[in-house]
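K.L.:
I'd like to ask some things about the structure below.
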Amino acid sequence: MILLIVRLFTNKHYRGITIYPFVILTQKEDGRNAVLLNHEKIHIRQQLELLVIPFFIWYGLEFLIRFLMYRNWSKAYRNISFERESYANEEDLDYLQQRSFWKWIKYL
Ligand SMILES: [Zn+2]
């Protein structure tokens with residue numbers, strides 16, 4: 001994982017973006033935020049399991065489906081299976097050590 005701090009945008013809704021192998025944060029202090037970093041590391045693992053590009057295709061399609069379901073941008077985002085898994089487990093800093101392969105499927 002390569003950590004980058006970018007101040008191009010300061011939208012508080014987007015504190016971190018992960019595009020394997022990079023975790024891009026908008027706020028420097030978040031570089032020490034273990035829970036946020038764990039959230040992004042879970043995305044790194046999901047991306048590796050799906051060989052990166054298919055992850056983003058799936059992520060985009062699932063967002064569209066969720067958006068049609070909820071008609072709400074942030075609710076759609078929070079309910080993408082990859083986000084459900086990451087939010088559900090971000091506070092468990094040992095999560096990735098015992099996580100099984102393709103675990104995100106359980107969050108569909
Ligand atoms: Zn996320």
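The values are calculated or read from the model by the stated rules, or taken from the named source; none is laboratory data. Computed from a predicted model, the values in this text were never measured in an experiment. Note that we place each Cβ from the backbone using ideal geometry, even for glycine, and neighbour counts take in every protein chain shown. For accessibility, only protein heavy atoms count, side chains too; no ligands or nucleic acids. Shrake-Rupley method; radii C 1.70, N 1.55, O 1.52, S 1.80 Å.
K.L.:
List the chymotrypsin sites (Phe, Trp or Tyr not before Pro) within the chain that DSSP assigns to loop and that have no more than 15 neighbouring Cβ atoms inside 10 Å.
P.N.:
Here the chymotrypsin sites (Phe, Trp or Tyr not before Pro) that fit, given the DSSP loop and packing criteria, are 9, 14, 101, 102.
K.L.:
Next up: Can you sort 74, 86 by 1.4 Å-probe accessible area, starting with the largest?
P.N.:
From most exposed to least exposed: 74, 86.
K.L.:
At most 13 other Cβ atoms within 10 Å and a DSSP loop assignment: could you name the trypsin sites (Lys or Arg not before Pro) in the stretch 1-103 that fit?
P.N.:
Passing both the DSSP loop test and the Cβ count: 7, 12, 71.
K.L.:
Pairs of lysine in the chain with Cα under 28 Å and at least 8 positions apart or on different chains: total?
P.N.:
Step by step, the pairs that qualify in the chain add up to 10.
K.L.:
Give the calculated FRET efficiency between residue 32 and residue 69 to the nearest 0.05, with a Förster radius of 30 Å applied to their Cβ-Cβ distance.
P.N.:
That gives a FRET efficiency of 0.25.
K.L.:
Please give the charge dipole size of the chain, origin at the Cα centre, charges +1 on K and R Cβ atoms and -1 on D and E Cβ atoms. Round to the nearest 20 debye.
P.N.:
Taking the Cα centre of the chain as origin, the dipole is about 300 debye.
K.L.:
Span-like helices, the chain: DSSP H, alpha-carbon axial extent 20 Å or more, mean Kyte-Doolittle -0.5 or greater, which ones?
P.N.:
34-49, 53-70
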